[in-house]
Amino acid sequence: MDSMRDATERKPGDAWRVCVICGKGFWGNPAGKYCCAECREIGNKEHAKEQRARASKEERVCPICGKKFKCSEYSVRMFCSRLCKDKAHRKKTLDELAEGTFNDWIKGKGESVPKIEEFKGDRIAAINEYARSQHKTYGEIQAERMLEKMKREKEQ
């Protein structure tokens, strides 16, 4: 059902208006712009298109590959692509491991730490081996770590 009134209907306080889309005259709210739902839909689409074109674009540089990319100034986007985002995540995980946070986390659980030397310095393989020893996946171990980290941050 169309929520707009018929062009011939008139209520107290209405004014004679001209539709900004089709130019047809109608009685309506003094601030009204459209004569019918179809014109209102067209007007809303045009307005949205104008807003997107007007949205300020910010040029950023991807910290992984150095490529420039554009995004909204309010966007939290940091990387030019999903590939670079994944590379950054892997690098962060390796950096955490190099700092020993994973080993500290395992020791805090009272478990034995897999010897990295056995895996020729491959910390992901060490985490994987630990996960297998706990009958879990690598992802489950990482999820547990993240949940515990979030709980600690919440407590502080």
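The values are calculated or read from the model by the stated rules, or taken from the named source; none is laboratory data. No experiment lies behind these values; they were computed from the predicted model shown. Please note: Cβ atoms are built from the backbone with ideal geometry, for glycine as well, and neighbour counts cover all protein chains shown.
Structure above, values below:
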quantity: Residues within region 36-80 that are under 30 Å from Val20 (Cβ atoms) and hydrophobic (A, V, I, L, M, F, W, C), tallied; calculated: 7
quantity: Total residues in region 30-47, condition in contact (Cβ under 8 Å) with a residue 12 or more places away in the chain, part of a loop (DSSP other than H, G, I, E, B) and among the small types (Gly, Ala, Ser); calculated: 1
quantity: Any pair with Cβ under 6 angstrom, 6 or more apart, that starts in region 64-87 at a residue that is within 20 Å of Arg52 (Cβ to Cβ) and ends at one that is in a loop (DSSP other than H, G, I, E, B) and of a type in the set (S, T, N, Q); calculated: Glu73/Ser56
quantity: Matching residues in region 79-103 - criterion: being surrounded by 13 or more Cβ atoms within 10 Å (Cβ to Cβ) and modelled with pLDDT of 85 or more; calculated: Phe79, Cys80, Ser81, Cys84, Lys85
